[in-house]
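Just below is one structure, and these are the notes that go with it.
The values are calculated or read from the model by the stated rules, or taken from the named source; none is laboratory data. Values in this document were obtained by computation on a predicted structure and should not be read as measured data. Reconstructed Cβ throughout: ideal geometry from the backbone, glycine too, with neighbour counts over all protein chains shown. In case anyone asks, the SASA skips ligands and DNA or RNA and just uses the protein heavy atoms, side chains included. Shrake-Rupley method; radii C 1.70, N 1.55, O 1.52, S 1.80 Å.
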Amino acid sequence: MLYINNACIAFGNEVLFSEFSMQLNKGESACITGQSGCGKSSLLNAVMGFVPLSKGTIRVGTTLLDKLTIDTIRHQIAWIPQELALPYEWVKDIIEIPFALKANRGTSFSKEQLFMHFDELGLESDLYQKRVNEISGGQRQRIMIAVAAMLEKPLIIVDEPTSALDAGSTDKVSMFFRRQTEKGAAILAVSHDMDFAKSCNQLIKL
Amino acid sequence: MGTIDITYFDLGIGLLLLAIPFFYLWKFKTGLLKATIIGTARMIVQLFLIGMYLKYLFLWDNPWINFLWVVIMVFVAGQTALVRTQIKRKILFIPITVGFLTSVIIVGLYFMGVVLKLDNIFSAQYFIPIFGILMGNMLSSNVIALNTYYSGLKREQQLYRYMLGNGATRQEAQAPFIREAIIKAFSPLIANIAVMGLVALPGTMIGQILGGSSPNIAIKYQMMIMVITFTASMLSLMITISLASRKSFDSYGKLLEVTNESKK
């Protein structure tokens, strides 16, 4: 599903990492760990086309990432950036953002399915009706994970999914991701949380 | 015609009224007194100069000279927008010039040719003031909208990238920011339209009544002025944003450095 070959990211003269390769198959999860500033988030941003590779290639499925294919690649991805804070007042508005996009119109939004995911992730369904400033960072992370799963994309990319979660909630997220991989999704995550990282099929140190 | 002239002496007496706002600007140490005095002096000089060249424009009443005046105004407005938005020349100048020129020609000529049915649509009496009022309104709404659009994109990068990263087209990802820009730029105008004639009597109407027109004619002109300024402002903004956006993002949809200050 995802092939990164001999990748190097550098900002000016500062090389974050080089000669990085990995392969992620359908139905697999991988977690990239490493010290702060080593380029983990930059790697995810490179897969999203927001950070250019200095060297190497990225392929999603059979499509090689470049400026002509980036839109096709993004259509195959559900993405949750780190500490996602969107300028909306209501939780329901944030949840519905990706479902209004043309690329996702084939995926119908259903509250039943959302609340089922909420339940699996340890969330109450009444969060849907709340204001964004009434929910915690951990709840927001899990809500976005539920939304990403509902998009039914073949590749989920998530940056620090458990940074605001306690051990019990982290376990629920790990279990939730496992169920998504069993359904065929590939998941690429970045995390400092070793308990979460060990629950993935691949643990990659950058 | 039916308007009483103001002598220069009387104009000076009228300007004495400014002592009241000047006093309060000074008393409360607003720091605005100097800028206000300079601004007032500039206004007086500029309006005298405009009075002189408008006199000759009306005297010559030549379509080519009139059109040249519009082109110069478009370039001056484009330059003013660059200064007031701090957006790089290579990104904004051509889009805003094309936006202004296209909108002013389409909307202005529609009004003069289709609505007023003028025999000579380039007649200076109509051409100059109508194009002038369109330019002024387009400039102020475009500056507000462009500032809102680009500052929103910079401030809410996460929203923009979240949408792109989850499959949005460039237009879809830019839409929330265009929406904000339209709301901010046009809300005052829409509010103004709603209370027109009740809370405030608009300038065009006052000018016509003072000039001797009947109120019946004045209100119809006022309605049309509101319609054409609203339409031209919106049209020019859409053209400007659409053209400027092509130069504001890289091939991957990432926002480039658009303002001069971000160079530092």
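Key figures
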item	result
Dipole in debye (nearest 20) - the protein assembly as shown, about Cα centre, beta carbon charges: Lys, Arg +1; Asp, Glu -1	920 debye
Cβ charges +1 (Lys, Arg) and -1 (Asp, Glu), total dipole of chain A, debye	580 debye
Largest-first principal axis extents of the Cα set of the protein assembly as shown (Å)	88, 49, 46
Computed P(r) (all Cα pairs; region B:166-212; 10 Å bins; percent)	22, 28, 21, 16, 10, 3, 0
Aspartates and glutamates with Cα under 13 Å of B:LYS88, excluding same-chain neighbours fewer than 8 positions away	B:GLU257, B:GLU261
In region B:19-49, the chymotrypsin sites (Phe, Trp or Tyr not before Pro) that fall in loop regions by DSSP, at most 15 other Cβ within 10 Å	B:PHE28
Selected from A:CYS31, A:VAL91, A:GLN129, residue furthest toward positive end of dipole (region A:7-139; charges at beta carbon)	A:CYS31
Net dipole in debye of region A:116-159 [+1 Lys, Arg Cβ; -1 Asp, Glu Cβ; about Cα centre; nearest 20]	180 debye
Karplus 3J(HN,Hα) series, Hz, for region B:141-158 with 6.51 cos²θ - 1.76 cosθ + 1.60 (x for Gly, Pro)	5, 5, 5, 4, 5, 5, 4, 5, 4, 6, 5, x, 4, 6, 6, 10, 4, 4
Amide H contacts under 5 Å for A:ALA10, placed H, 5+ residues apart	A:LEU16, A:SER54
Structure-based [θ]222 nm, the protein assembly as shown - -39500 (n - 2.57) summed over DSSP H runs of at least 4, per residue, nearest 500	-18500 deg cm²/dmol
Cut-off under 5 Å, modelled amide H: who pairs with A:GLN202 long-range	A:SER29, A:ALA30, A:CYS31
Residues of region B:116-157 buried by at least 10 Å² on assembly (accessible area, 1.4 Å probe, chain alone as reference)	B:GLU156
Residue pairs, from the table B:LYS34/B:LYS247; A:LYS102/B:LYS254; A:LYS26/A:LYS67, whose Cα atoms sit over 27 Å apart	B:LYS34/B:LYS247
Angle in degrees between helix B:215-248 and the longest Cα principal axis of chain B, rounded to the nearest 10	30 degrees
Filtered chymotrypsin sites (Phe, Trp or Tyr not before Pro), region A:86-156: DSSP coil and at most 16 other beta carbons within 10 Å	A:TYR88, A:PHE109
Percent accessible area from carbon and sulfur atoms, region B:182-264, protein chains only, probe 1.4 Å	68 percent
In order through region B:181-187: 3J(HN,Hα) via Karplus (6.51 cos²θ - 1.76 cosθ + 1.60), integer Hz, x for Gly, Pro	5, 5, 4, 5, 6, 9, 4
Neighbour-limited loop hits for trypsin sites (Lys or Arg not before Pro), region A:105-206 (at most 13 other Cβ within 10 Å; DSSP other than H, G, I, E, B)	A:ARG105, A:LYS183
Accessible area of chain A divided out per residue, in Å², using a probe of 1.4 angstrom	45 Å²
In Hz, Karplus ³J(HN,Hα) per residue of region A:102-119 (6.51, -1.76, 1.60; θ = phi - 60°; x = Gly, Pro)	4, 4, 10, 5, x, 9, 7, 8, 10, 5, 4, 5, 4, 5, 5, 5, 4, 4
Contact surface B-A: accessible area buried, both sides summed, square angstrom, 1.4 angstrom probe	2100 Å²
Using alpha-carbon coordinates, inclination of helix B:89-109 to the longest axis of chain B, degrees	50 degrees
